[in-house]
Amino acid sequence: MAAVFCIANQKGGVGKTTTAVNLASGLSRLKKKVLLIDLDPQGNATMGSGVQKSELESSVYEVLLGLEDIKNVRQRPPAIQFDVLPSNRNLSAAEVEMVNLERRERRLREALDAVQDEYDFILIDCPPALSLLTLNAFCSADGVIIPMQCEYFALEGLSDLLNTVRHVYSNMNPQLNTIGLLLLRVMFDKRVTLSVHVSNQLEKHFGNRVLKTVIPRNVRMAEAPSYGLPGIDFDPSSKGAKAYLACVEELLAWLETHR
Ligand code: ATP
Ligand code: MG
């Protein structure tokens with residue numbers, strides 16, 4: 001059975017997609033079988049893995065609505081070592097169309113049953129909202145990775161996110177506590193005093209729930225998506241790539257001791 005992680009934060013532009021594609025790449029480099037699910041209508045994880053979102057015959061949208069089998073929709077882009085369940089703007093309609101469906105928050109989970117055993121890891125890139133799509137991710141997951149920029153407003157909204165995760169854990173998906181919450185500091189600049197201060201606060205507050213690896217701000221990570229590649233594949237020697245690889249190692253070690 002795959003370990004299922006969602007990468008979530010309802011704040012926009014905090015590094016969710018960058019984290020999702022690089023963890024997928026890093027895990028696959030260690031010979032783990034990985035499925036990356038793009039659950040965001042923006043389709044950034046799709047494009048960032050080298051899949052053209054405008055040319056999809058079907059996407060995660062059809063899977064959620066039960067119109068297409070997940071096995072026919074996932075694909076393996078030529079330049080990378082993991083599978084992708086792609087998305088595009090069609091997905092924004094799913095939010096509305098799912099509202100009247102039965103078990104609407106479990107559509108993704110039920111679709112994943114068919115492929116769970118084929119993977120070691122399933123990573124879900126969430127949209128920047130605590131929406132029905134994100135709820136579907138939480139209902140499918142064993143754990144949530146929250147990328148955070150250590151800025152003044154970083155903590156704002158965190159309690160809503162934590163409350164939602166707790167609510168899902170208590171009422172919908174007890175499995176979410178298998179791994180629970182992990183915070184990842186991203187786009188970090190250690191020269192900025194405020195960042196160091198916020199980072200220390202996070203450690204004080206969340207203890208071992210804060211991953212020790214810190215992802216630095218690194219322009220190579222920002223350039224990679226325009227080449228349709230995760231930063232790790234685009235420039236493996238960059239500081240960002242090395243940090244994400246270290247993060248993968250830490251995650252695997254964490255799972256060894258906590259599962
Ligand atoms: P959204 O909420 O819109 O889905 P997101 O949380 O997925 O955004 P990303 O798209 O991963 O965030 O990152 C936002 C921007 O920051 C992107 O332009 C990305 O390339 C850039 N970025 C992410 N991580 C880094 C990093 N470590 N160093 C420099 N730039 C980064
Ligand atoms: Mg994103």
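Once the other residues with Cβ under 11 Å from the Cβ of Glu68 are scored (Lys, Arg +1; Asp, Glu -1), what is the net sum?
Result for the neighbourhood of Glu68: -1.
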Report task. Pick out, in residue order, every one of the GluC sites (Glu not before Pro) in the stretch 1-88 that is DSSP loop and has at most 14 other C-beta atoms within 10 Å; say none if there are none. Result -> Glu57
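Which value in Å is the Kirkwood Rh of the stretch 1-144 over different Cα pairs?
Values: mean 1/r = 0.0683 Å⁻¹.
Its Kirkwood hydrodynamic radius stands at 14.6 Å.
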Report task. Take every DSSP beta bridge with both residues inside the stretch 3-258 and express the antiparallel ones as a percent of the total, to the nearest 5. Result -> 5 percent
Report summary line: Karplus ³J(HN,Hα) for the stretch 244-254 (6.51 cos²θ - 1.76 cosθ + 1.60, θ = phi - 60°; Hz, whole; x = Gly/Pro) runs 5, 5, 5, 5, 4, 4, 5, 4, 5, 5, 4
Query raised in the report: Non-local amide H neighbours of Phe188 (under 5 Å, H modeled in plane, Pro and chain starts lacking H): which ones?
Result: Ile215, Arg217
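Which value in Å is the Kirkwood Rh of the stretch 134-259 over different Cα pairs?
Every distinct Cα pair counted, the radius reaches 15.8 Å.
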Query raised in the report: Any idea of the accessible area per residue across the chain, 1.4 Å probe, to the nearest Å²?
Result: 46 Å²
**Report entry** Accessible area (Å², 1.4 Å probe, nearest 10) - Lys212
**Finding:** 150 Å²
Query raised in the report: Do the sum for the chain: with -39,500 (n - 2.57) for every DSSP H run of n ≥ 4, divided by all residues, what is the mean residue ellipticity at 222 nm, to the nearest 500 deg cm²/dmol?
Result: -12000 deg cm²/dmol
Query raised in the report: In terms of modelled amide H atoms, which long-range or inter-chain residues lie less than 5 Å from the amide H of Val210?
Result: Leu183
Requested in this report: Taking all pairs of distinct Cα atoms, average 1/r, flip it, and tell me the Kirkwood hydrodynamic radius of the stretch 61-208 in Å to one decimal place.
Outcome: 17.2 Å
Requested in this report: With +1 on each Lys and Arg Cβ and -1 on each Asp and Glu Cβ, and nothing else charged, work out how big the dipole of the stretch 3-258 is about its Cα centre, in Debye to the nearest 20.
Outcome: 840 debye
Query raised in the report: Using θ = phi - 60° and the Karplus form 6.51 cos²θ - 1.76 cosθ + 1.60, what ³J(HN,Hα) does each residue of the stretch 218-235 get, whole Hz, x for Gly and Pro?
Result: 8, 4, 5, 5, 7, 7, 3, x, 5, 9, x, 9, x, x, 4, 8, 5, 8
Query raised in the report: When Lys and Arg each count +1 and Asp and Glu each count -1, what net charge do the other residues less than 14 Å away from Gln201, Cβ to Cβ, add up to?
Result: 0
Requested in this report: Run the accessible area of the stretch 185-259 with a 1.4 Å probe and give the carbon-and-sulfur part as a rounded percent.
Outcome: 55 percent
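Looking at the stretch 116-214 only, what percent of DSSP beta bridges run antiparallel? Nearest 5 please.
In the stretch 116-214, DSSP labels about 0 percent of beta bridges as antiparallel.
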Query raised in the report: Excluding same-chain residues fewer than 8 positions from Lys31, which lysines have a Cα within less than 29 Å of its Cα?
Result: Lys16, Lys53, Lys71, Lys212, Lys239, Lys242
Requested in this report: Label the stretch 189-239 by shape, choosing from rounded, prolate and oblate, from the square roots a ≥ b ≥ c of the eigenvalues of the Cα gyration tensor; if a/c is under 1.5 it is rounded, and otherwise prolate applies when a/b is larger than b/c, oblate when it is not.
Outcome: prolate
Query raised in the report: Which value, in debye to the nearest 20, gives the size of the charge dipole of the stretch 159-241 about its Cα centre, when Lys and Arg are +1 and Asp and Glu are -1 at the Cβ?
Result: 320 debye
Query raised in the report: Can you give the direction-averaged projected area of the convex hull of the alpha-carbon atoms in the stretch 3-258, in nm²?
Result: 12.6 nm²
Query - chymotrypsin sites (Phe, Trp or Tyr not before Pro) restricted to DSSP loop in the stretch 101-170 with at most 11 other C-beta within 10 Å - result: Tyr152, Phe153
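The values are calculated or read from the model by the stated rules, or taken from the named source; none is laboratory data. Here the structure is a predicted model, which is why all the values come from computation and not from measurement. Counting neighbours? That spans all protein chains shown, and the Cβs are built from the backbone with ideal geometry, glycine included. In case anyone asks, the SASA skips ligands and DNA or RNA and just uses the protein heavy atoms, side chains included. Shrake-Rupley method; radii C 1.70, N 1.55, O 1.52, S 1.80 Å.
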